[in-house]
Amino acid sequence: MGNPLDGAALDAALENVHHAGVPGLFAEVCDGDQVWRGAAGVADVDTGRPVTADMRHRIGSVTKTFTTAAVLQQAEAGRIGLDAPIGRYLPELVPGERGEAITVRMLINHTSGLAEYLPCAYPSLKAFPDLADTGPQSLDDHRLTRFDPAQLIGLGVAAPPAGTPGGAPGLYSNTNYLLLGLLLAKVTGSTAEQCITRNVIERAGLRHTAFPTGPHVEGPHSRLYEAWFGMIDPPRDYSVYDMSWVGPSASLISTVADLNRFYGLLLAGKIVSPSSLAQMQRTVQVVSQEGKLIDYGLGLHPMEGPGQGVFWGHGGTVWGGGTLAMARADGERRMAVALNTQRWNRLDSSGRPQPHPIDDALAALYRVAMYG
């Protein structure tokens, strides 16, 4: 067991993040049967409506752990080979030698060499093209755009390769997970969203977790304030958004309580088999979207702290929102945090994010939540 939960310290750490500049955030921390929930700040800066710890939230790339679990379940059933080439299943999307060289496992751990589709653009289909030049205009242009995943994958496949298949370090790319979504559809005969809902979300007993059916978040939720590196000032609300631009890569809606339940069950071997879980925890080096070198497994990445063992989980961002969910390797100590702003760091003249008080306040919150 780790240190017992210190509710006063957690409350203070949460408030510090709010005072550092996050309009609102909420969290749940569990240790065995102990549970602490807290919230600080507002869900709506115009009305002052407070955030509450039971709100639903867009969890971004935390979705990748759910998608990976669904793929591994199909692998356990013999319908998918983790080391089989993706070209065997989806030759029309990744054709030729590349489709033979890239395996399903390489898609899951981001060593496929496929580029990120987001900053790419065909003349006929613009997928947030000005994000490549760090401009935010595309965010408004595509609030209600319904994207076709095959077209988005086409952008990533057509772009210059980000590396060789299986090469190190890998490059974190949503193209990989859109392909995994279509792979699930191919082998199950249902959509990836239906497969993940039936086999992962319902299996885990998550009552407040679902893929969006439209641009709105159903149920109590916060507005989401995107700052886009200080270029949107004041930050703008992007809580109403069509999430088809990421689909089964990053579009799930959940609660902090559901996320803690999910990661606790996953690490207890109750979502995928113990042997599949062991494969999820086998890491390679990957360059993150922030340009940092991280260890990444199959839909999981580790965080190590002082003497308390390894935590496994995932972070996620959407326009205006962020989430981090982590659980200790034994599944006992668990943390899920949701905040309603994103990209608060301004960029220096070379385009690097500058330090911001929010970064230190969040790091302190994570330390208290995970290690006491």
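So which strands (runs of 3 or more DSSP E) stay within region 279-372 end to end and still have 3 or more residues that are of a type in the set (Gly, Ala, Ser)? So that I can check it myself, show each step before the final result.
Numbers: elements: 284-287, 293-296, 301-304, 310-318, 321-328, 333-339.
Ranges flagged: 310-318, 321-328.
Kindly indicate whether any position in region 208-215 is in contact with a Gly (Cβ under 9 Å, 6 or more places away or on another chain) and either modelled with pLDDT under 95 or more than 25 Å from residue 172 (Cβ to Cβ) (or both). Spell out the reasoning first.
Taking region 208-215 first, the residues in contact with a Gly (Cβ under 9 Å, 6 or more places away or on another chain) are 208, 211.
Narrowing the set further to residues that are either modelled with pLDDT under 95 or more than 25 Å from residue 172 (Cβ to Cβ) (or both) leaves 208.
Among the residues of region 208-215, at least one is in contact with a Gly (Cβ under 9 Å, 6 or more places away or on another chain) and either modelled with pLDDT under 95 or more than 25 Å from residue 172 (Cβ to Cβ) (or both), which makes the answer yes.
Can you tell me how many residues in region 134-156 are assigned to a helix (DSSP H, G or I), in contact with a strand residue (DSSP E or B) (Cβ under 9 Å, 6 or more places away or on another chain) and polar (S, T, N, Q)?
Within region 134-156, the first condition is being assigned to a helix (DSSP H, G or I), and the residues that meet it are 137-141, 149-156.
Filter once more, keeping what is in contact with a strand residue (DSSP E or B) (Cβ under 9 Å, 6 or more places away or on another chain): 138-141, 151-152, 154-155.
Among the residues that remain, those that are also polar (S, T, N, Q) are: 138, 151.
So the answer is 2.
Here are the criteria: (1) at pLDDT below 95; (2) surrounded by 18 or more Cβ atoms within 10 Å (Cβ to Cβ). Tell me which single one residue 122 does not satisfy.
Here residue 122 meets the rest and fails (2).
Mind listing just one residue for me: the one in region 2-43 that is over 22 Å from the mean Cα position of the chain (by Cα), among the acidic types (Asp, Glu) and more than 24 Å from residue 343 (Cβ to Cβ) and, of those, surrounded by the most Cβ atoms within 10 Å (Cβ to Cβ)?
31
Would you confirm whether any residue within region 313-328 is surrounded by 24 or more Cβ atoms within 10 Å (Cβ to Cβ) and among the charged types (D, E, K, R)?
yes
Which one of these is among the aliphatic types (A, V, I, L, M) and within 28 Å of residue 236 (Cα to Cα): 152, 180? Break it down into steps so the answer makes sense when it comes.
Details: 180 fails: within 28 Å of residue 236 (Cα to Cα).
Only one candidate qualifies: 152.
Run down 331, 291, 320 and say which single residue is under 30 Å from residue 239 (Cα atoms) and in contact (Cβ under 8 Å) with a residue 60 or more places away in the chain.
Values: 331 fails: under 30 Å from residue 239 (Cα atoms); 291 fails: in contact (Cβ under 8 Å) with a residue 60 or more places away in the chain.
After applying the criteria, what remains is 320.
Do any residues in region 22-51 that are farther than 18 Å from residue 226 by Cα and in contact (Cβ under 8 Å) with a residue 40 or more places away in the chain have Cβ atoms under 9 Å from those of residues that are surrounded by 17 or more Cβ atoms within 10 Å (Cβ to Cβ) and of a type in the set (Asp, Glu), where the two are at least six apart or on different chains, and which pairs are they?
Partner pairs satisfying both residue conditions: 30/332; 31/332; 32/332; 37/28.
Restricting attention to region 189-196, does a residue exist that is in contact with a Pro (Cβ under 9 Å, 6 or more places away or on another chain), surrounded by fewer than 20 Cβ atoms within 10 Å (Cβ to Cβ) and closer than 28 Å to residue 73 by Cβ?
Yes, some residue in region 189-196 is in contact with a Pro (Cβ under 9 Å, 6 or more places away or on another chain), surrounded by fewer than 20 Cβ atoms within 10 Å (Cβ to Cβ) and closer than 28 Å to residue 73 by Cβ.
Just give me the residues in region 180-211 being out of contact with any helix residue (DSSP H, G or I) (no Cβ under 7 Å at 6 or more places or on another chain), among the charged types (D, E, K, R) and either under 28 Å from residue 102 (Cα atoms) or part of a helix (DSSP H, G or I) (or both), in sequence order.
Correct list: 186, 198.
Here's the yes/no breakdown for (1) at pLDDT 95 or above; (2) of a type in the set (Val, Ile, Thr); (3) part of a strand (DSSP E or B):
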residue: 4; (1), (2), (3): no, no, no
residue: 27; (1), (2), (3): yes, no, yes
residue: 30; (1), (2), (3): yes, no, yes
residue: 37; (1), (2), (3): yes, no, yes
residue: 41; (1), (2), (3): yes, no, yes
residue: 48; (1), (2), (3): yes, no, no
residue: 52; (1), (2), (3): yes, yes, no
residue: 64; (1), (2), (3): yes, no, no
residue: 68; (1), (2), (3): yes, yes, no
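The values are calculated or read from the model by the stated rules, or taken from the named source; none is laboratory data. From a predicted model like this one, the values you see are computed outputs, not experimental measurements. Here Cβ is always computed from backbone atoms with ideal geometry, including for glycine, and neighbour counts include all displayed protein chains.
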